[in-house]
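See structure below.
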Amino acid sequence: MRTAEIHRQTAETDIRLTLTLDGSGRADVRTGLGFFDHMLHHLAVHGLFDLTLHARGDLHVDEHHTVEDCALALGMAFDRALGDRRGIVRLGSAYVPMDEALAFVAVDLSGRPYVVVQVDWHGPAVGGIAASLFPHFLHSLAVTARANLHARVLYGADDHHQAEALFKALGRALDMATCLDPRRSGVVPSTKGVL
């Protein structure tokens, strides 16, 4: 099974995470940030990943370190679970609507991190989390997952719906990209021979 266990501990956070790529969408997420838990649950359910993520962070300061470090740990888990990336589809994308909002995410598990995020938030925070942290989450995840990630909310009137569409699309795109392609017969999907 393509799984990973991560324990990431700093002076600001303590995170324990297990990830199974070929799962069924089971999630047990406890970060101390209810809305963030909700978004990570969507990522797991719609990506069909089994995810356990328990985090203790310096929430008395603010939510920044918890969100950032969870993203770093989750990206590390994807990278570790993918191994040398032999046989994977590598590329994935998804459009996901959530009521009036529509999000698009494209992922290339190329080994070369790069991130483009385009979202117009209507307020300074979503679910008690600074709106600026959602692009930062995606950037931190992509860096440690060694992924090229493009994310865009095309439109939406409600920030909750925009965030939810974004995380669902991220889950669907990652599911597609991490799937094993039986036609590849264990070959690395790159003309270079490595990712």
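Condition check ((1) closer than 17 Å to Thr20 by Cβ; (2) over 12 Å from the mean Cα position of the chain (by Cα)) across all residues:
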{"residue": "Asp50", "(1), (2)": "yes, yes"}
{"residue": "Leu59", "(1), (2)": "no, yes"}
{"residue": "Val67", "(1), (2)": "no, no"}
{"residue": "Leu74", "(1), (2)": "yes, no"}
{"residue": "Leu82", "(1), (2)": "yes, yes"}
{"residue": "Met98", "(1), (2)": "no, yes"}
{"residue": "Arg112", "(1), (2)": "no, yes"}
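Specify which of the listed residues (His38, His65, His7) is free of Cβ contacts under 8 Å to residues at least 24 places away in the same chain and of a type outside the set (Gly, Ala, Ser). Being free of Cβ contacts under 8 Å to residues at least 24 places away in the same chain and of a type outside the set (Gly, Ala, Ser) holds for just one of His38, His65, His7, which is His7. On inspection, Leu43 qualifies as in contact with a strand residue (DSSP E or B) (Cβ under 8 Å, 6 or more places away or on another chain), over 15 Å from Ile6 (Cα atoms) and open to solvent by less than 10 Å² (accessible area, probe 1.4 Å). Just one of (1) crowded, with 19+ Cβ neighbours inside 10 Å; (2) within 16 Å of the chain's Cα centre (by Cα); (3) over 15 Å from Asp175 (Cβ atoms) fails for Glu63. It is (2). Scanning region 70-124 for residues that are open to solvent by 20 Å² or more (accessible area, probe 1.4 Å), of a type in the set (Val, Ile, Thr) and more than 15 Å from Tyr155 (Cβ to Cβ) turns up Val89, Val115, Val116, Val117.
Filtered by the rule that a residue be in contact (Cβ under 8 Å) with a residue 60 or more places away in the chain and of a type in the set (Phe, Trp, Tyr), region 92-133 gives Tyr95, Phe104.
Scanning region 136-175 for residues that are touching a Ser or Thr at 6+ places or on another chain (Cβ under 9 Å), open to solvent by 40 Å² or more (accessible area, probe 1.4 Å) and closer than 12 Å to Val96 by Cβ turns up just one, Arg172.
The values are calculated or read from the model by the stated rules, or taken from the named source; none is laboratory data. Quick caveat, the model's predicted, so the values are computed rather than measured. Every residue, glycine among them, receives a Cβ derived from its backbone with ideal geometry; neighbour counts consider all protein chains shown. Protein only, heavy atoms only, side chains kept; ligands, DNA and RNA dropped before computing areas. Shrake-Rupley method; radii C 1.70, N 1.55, O 1.52, S 1.80 Å.
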